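Visitor: Structure provided below as structure tokens; questions to follow.
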Amino acid sequence: MNHVFEQVYEMEAVSGLSKHEQLVNGILNAIQNKGLAQGDMLPSVNELINEFGFARETIAKAYKELVSRGIVEPRNRVGFFVANVNIKQHLRIALVLFAFDAFQEMFYKTFRAGLGKDVHIDIFFHHNNIEVLQSIVNSIKGKYGMYVVAPIPHNKTAGILGALPMDKFLMIDRYEPIPGEYSYVAQEFKQSSYKAFSALAGVIKQYKGMVYYHRPVADTPIEILQAFKKFVKDFNIKSEIKPEYLPGTLEKGKVYFTINNAELWTMLKDCKQMKLKPGKDIGILSHNDDIVKELIFDGITTYTTDFKLMAEKAAAFVLTREKIQEIIPTVLIRRKSL
């Protein structure tokens, strides 16, 4: 405690510093001078009031800043502790994603690069499980300077995410309504899917019908299913909706659409074994693009949002705190599979 007090007193001699800045810089100096180590407990609010006469609000503001930078962490009913001795770290971010698939990995790498080395990111995955999301939010709220979250479409989501401070919150990937004013950078599924299907209607009509694999218990957006139903009705296309692709069930003359990559790889393996050529014997459409889909089987037709652009805009929001409410456009990428 004495070392912290000494460093804060030294800050009083620095002209132009507010009491809040004196306390923040005093603690940072104590860490830099090794008077405080990771895991050490900091003076309590009452101890700082008694020692310096600072207002309770001033001390709370100083500790809140250090918490947001990931240098200090609060422990319920115990106090504040040194969490990180990297005093150059300016911000600590909680990034909550569905899972670490190819698209989320692309988002993370671009997001990480856009923030710079002095920003710390902790990643959490909810796997589209609302109880897991609840547990994550309970464990992170109040401990980070920014919360970047991919939400779950669920009636409990608004209440769960509403517990986070909206001035430090960014919704990514998909949009879900929650209380208050908040920023988001997301993709849209219903209109964009219908637009992509419609652009392919001419070639789809050359086949006997279209099969869509929709996994109702997974994270497949219901809006894509709605768009598909409207599309086949409006364009009078014979269609089937199945919960999953079963290996070996490809039929010549049909178009197959899945947003699940594991299913796509199985289909392509079956194409090879059954000697079916995508774009001729069958049609294949996939959701979300990546480099592999550009290269395999002379290219797989996809429609996708730009996750790189989404990540760049998310990083810009974190650094500037300028409000953003933007839907990233979805584009159709025509290749030989359809």
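No value in this document is a laboratory result; all are computed from the given coordinates. Note that the coordinates shown come from a computational prediction; the quantities given were computed from them, not determined experimentally. Positions of Cβ are backbone-derived with ideal geometry, glycine not excepted, and every protein chain shown enters the neighbour counts.
Visitor: Roughly what would the spin-label model give for Phe297 and Gln226, points 7 Å off Cα along C-beta, in nm?
Guide: Computed distance between label sites Phe297 and Gln226 equals 3.0 nm.
Visitor: Just to be sure I understand: if I project the alpha-carbon convex hull of region 111-186 onto a plane and average over all orientations, what area do I get in nm²?
Guide: 5.0
Visitor: Now, a different point. Straight-line reach from Lys252: which aspartates and glutamates fall under 14 Å, measuring Cα to Cα and dropping same-chain residues less than 8 apart?
Guide: Asp270, Asp281
Visitor: In addition: Counting Lys and Arg as +1 and Asp and Glu as -1, each charge on the Cβ, what is the dipole of the chain about the Cα centre in debye, to the nearest 20?
Guide: For this selection, approximately 1600 debye.
Visitor: ³J(HN,Hα) across region 146-160 via Karplus (A = 6.51, B = -1.76, C = 1.60, θ = phi - 60°), whole Hz, x for Gly/Pro?
Guide: 7, 10, 10, 10, 8, x, 10, x, 7, 5, 8, 4, 4, x, 5
Visitor: Run the reach check for Lys109 against aspartates and glutamates, Cα to Cα strictly under 17 Å, same-chain hits fewer than 8 apart removed. What comes back?
Guide: Output for Lys109: Asp101, Asp118, Asp122, Asp173, Asp289, Asp290, Asp306, Glu312.
Visitor: From the P(r) of region 283-335, could you give the percentage of C-alpha pairs in the tail past 16 Å?
Guide: Of the Cα pairs, 50 percent sit more than 16 Å apart.
Visitor: Regarding region 190-304, what is the average projected area of its C-alpha convex hull, in nm²?
Guide: 6.4
Visitor: Report the label-to-label distance for Asp118 and Ser18 in nanometres (one decimal), using points 7 Å from each Cα along the Cα→Cβ vector.
Guide: 1.9
Visitor: With the chain treated as a Gaussian network of Cα nodes joined by springs under 10 Å, which of Thr249, Thr301, Thr58 yields the largest mean-square fluctuation?
Guide: Of the options given, Thr249 has the highest mean-square fluctuation.
Visitor: Can you put Phe197, Phe103 in order of Cβ neighbours within 10 angstrom, beginning with the fewest?
Guide: With the fewest neighbours first, Phe197, Phe103 line up as Phe103, Phe197.
Visitor: Please state the charge dipole magnitude for region 190-304, taken about the Cα centre, from unit charges on C-beta atoms (+1 on K and R, -1 on D and E), reported in debye and rounded to the nearest 20.
Guide: Its charge dipole is roughly 480 debye.
Visitor: Among the listed pairs Lys34/Lys313; Lys233/Lys275; Lys269/Lys313; Lys208/Lys293; Lys238/Lys277; Lys254/Lys313, give every one whose C-alpha distance is greater than 28 Å.
Guide: From Lys34/Lys313; Lys233/Lys275; Lys269/Lys313; Lys208/Lys293; Lys238/Lys277; Lys254/Lys313, over 28 Å: Lys34/Lys313; Lys233/Lys275; Lys269/Lys313; Lys254/Lys313.
Visitor: I've got another one for you. Among Gln104, Gln273, Gln32, determine the one that fluctuates most according to a GNM of the chain built with springs between C-alpha atoms less than 10 Å apart.
Guide: Result for the chain, Cα springs under 10 Å: Gln273 fluctuates most.
Visitor: If I build a Gaussian network model for the chain, linking alpha-carbon pairs within less than 10 angstrom, which residue out of Leu48, Leu97, Leu115 has the largest mean-square fluctuation?
Guide: Highest fluctuation of the listed residues: Leu48.
Visitor: Along the positive direction of the dipole of region 2-82 (beta-carbon charges: Lys, Arg +1; Asp, Glu -1; about the Cα centre), which of Val78, Tyr63, Asn33 reaches farthest?
Guide: Positive-most Cα among the choices belongs to Val78.
Visitor: If you work out volume of the Cα convex hull per residue in Å³ from the coordinates, which of (i) 182; (ii) 148; (iii) 240 do you get?
Guide: The value computed from this structure is option (ii).
Visitor: Using each residue's phi in region 281-287, evaluate 6.51 cos²θ - 1.76 cosθ + 1.60 at θ = phi - 60° and report the 3J(HN,Hα) Karplus result to the nearest Hz, with x for Gly and Pro.
Guide: Coupling constants for region 281-287: 7, 9, x, 9, 10, 10, 9 Hz.
Visitor: What does the charge count near Ile241 come to, summing +1 for each Lys or Arg and -1 for each Asp or Glu among other residues with Cβ under 15 Å from its Cβ?
Guide: Net of charged neighbours comes to +3.
Visitor: Continuing with the same structure: Helix-derived [θ] at 222 nm for the chain: sum -39500 (n - 2.57) over DSSP H runs of at least 4, divide by residue count, nearest 500?
Guide: Counting only the DSSP helices, I get -12000 deg cm²/dmol.
Visitor: Rank the residues Ser18, Ser198, Ser183 as a footprinting-exposure proxy: fewest other Cβ atoms within 10 Å of their Cβ go first.
Guide: Ser18, Ser198, Ser183
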